[in-house]
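Accompanying notes for the structure given below.
The values are calculated or read from the model by the stated rules, or taken from the named source; none is laboratory data. Only a predicted model underlies this, so the values are computations on that prediction, with no experimental measurement involved. Cβ sites come from the backbone with ideal geometry, for glycine too, and all protein chains shown count toward neighbours. To get the accessible areas, we keep the full protein, side chains included, count just its heavy atoms, and leave off ligands, DNA and RNA. Shrake-Rupley method; radii C 1.70, N 1.55, O 1.52, S 1.80 Å.
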Amino acid sequence: MRACVYCEDFLFPKVHRTMAELWWIYSKPVPADGRELWTLFLQCSCITVVIGGLFYNWMFASLEYSWHLSVAMAISFSLLLLLTLFLVHPARCVFSMIMPTLGTKQGRKLLFSTCIMIAVVNITPNIISSIKTILQVIKCICKNSSDSLLNSTALLETVSWEFGDAIQETIHSIYKPMNGHFHFSMLQNSSLIYQEMHLAGEKISREFLSVEVLVKDSVRVANKLAAGFSMLYLCFESTWYLKKYLTNLCFDNFYITKKLEHLAVDRGAAHLLVGSSTKLIRPRGLKLSWEEVVLCLVQAMVVTVALMLMLVVVAMDHFAFSMADTAVTKAAQFSAVPITLNIKYKVELGFLPFLFKIFGRPSEELPLGDFNKTYHYYLVFSSASCRISPPTAPNPSVLLVVGLLFCILYSTVFLETYARRLCRQIAASFFPSCEEKRVLHLYSKLARRYRKKQNSGKG
């Protein structure tokens, strides 16, 4: 137990002092000696290696650039970043403020871009694949039903020949009528029908493929432009914040910092901070102002709208898969439709009845034998020869990643205020002289407000 207490008392203060010293060297305008120079170079090198790796993964995996272009861009970006961080002191401040700025609305834009890319690459093709499966089922049913219908003409031709043969065999050769057999020419055009159906199916497939490619390419280009614009705007917003911090003493200056507390205590005016506690915020506290709460609620509504749209896309994916799976299952269960053709007839033939009427004699009738036959046929709507690619179920890992991204989005909504406070602390550590001016300005403002309040009370 004593060893653990000794480690805590010895190790954690040492780590804290080391981290504070490293940050002091990193935030100084000019290193004091060679040791600080090499320390700064190693810090910038480590940061550059990490950022370069993330930049390569972002370009190659998310934006889908080629690997050699991603490597070249990552190396060039890393070298430029290393020189900039090592030589330019304000650039180090801006870069340090970019990290917490990722927790603001600009970081959310990048996360939105990532969600859109995931939906385009993984969800949209699955929806189109399910629609293709449904079209394949329809094509298969149409082909088999048309085949079965065309083949039914052979049955009709058989019936007509048997009908004609029965007449020829029953009637005496003197009274034999002409051969009345039917000839069906539809069977000769079946290949033409199959060809037309095949061309129609190929046309639909090409149209779907062109639409899929167009949607993918359009969203990829839009995503790359949005990602590039978001990164540039991150740098611009950090630079704008630093410029306002250095030039405007009133900008983002309503925090009770340690310097302000020390200044008030030294001048015997600690009551100024107590009386203004409702308007001032401690930068390391959890208290949020009313304006910050309203801003968080508005941003949460924006994220909720985006979540609803993403859920609509996910629901479309599940609905399309359910429809395709049901179509494939039901098509395989289609039973053949039985068709029964029953021919029953009895014919009596009279020979020259008008002559018998002239002579007043009854006409001579030659009865035909009864003909009663039943023919069976089956209309088939599906067969094993149909090649239907089964639909692909929605990938649960995609839903998990999207859900995780939206959890991060919601967390950034409520962490945005603290990210801005962190940006202010970073700027104060890089420019302590400017921070002293801002503290004096805020103290003077509080003192004037207090004197005005006292004078109005006396009046």
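Brief remarks on what is shown
- Criterion applied to T48, T101 was being at pLDDT 85 or above, polar (S, T, N, Q), farther than 30 Å from F319 by Cβ and surrounded by 19 or more Cβ atoms within 10 Å (Cβ to Cβ), and the one residue passing it is T48.
- Test: residue in the range 72-79 that is assigned to a helix (DSSP H, G or I), of a type in the set (V, I, T) and farther than 25 Å from L225 by Cβ: no
- Odd one out for D217 among (1) modelled with pLDDT under 75; (2) open to solvent by less than 70 Å² (accessible area, probe 1.4 Å): (2)
- Note on the range 157-166: among residues that are touching a strand residue (DSSP E or B) at 6+ places or on another chain (Cβ under 9 Å) and either open to solvent by less than 60 Å² (accessible area, probe 1.4 Å) or modelled with pLDDT of 70 or more (or both), the one that is farthest from L199 (Cα to Cα) is A166.
- Filtering E202, E261, E212 for residues that are of a type in the set (D, E), modelled with pLDDT of 75 or more and either in a helix (DSSP H, G or I) or open to solvent by 70 Å² or more (accessible area, probe 1.4 Å) (or both) leaves a single hit, E261.
- Filter pass, R420 being touching a residue at least 12 places away in the same chain (Cβ under 8 Å), open to solvent by 20 Å² or more (accessible area, probe 1.4 Å) and within 35 Å of the chain's Cα centre (by Cα): yes
- Within the range 27-39, being open to solvent by less than 40 Å² (accessible area, probe 1.4 Å) and modelled with pLDDT of 90 or more holds for one residue alone: T39.
- Listing of strands (runs of 3 or more DSSP E) fully contained in the range 322-420 that carry 1 or more residues being at pLDDT 65 or above: 337-345, 371-379
- For S411: the one exception among (1) within 30 Å of V303 (Cα to Cα); (2) surrounded by 14 or more Cβ atoms within 10 Å (Cβ to Cβ): (2)
- Test for A427: is it hydrophobic (A, V, I, L, M, F, W, C), open to solvent by less than 20 Å² (accessible area, probe 1.4 Å), under 30 Å from Y26 (Cβ atoms) and more than 35 Å from the chain's Cα centre (by Cα): yes
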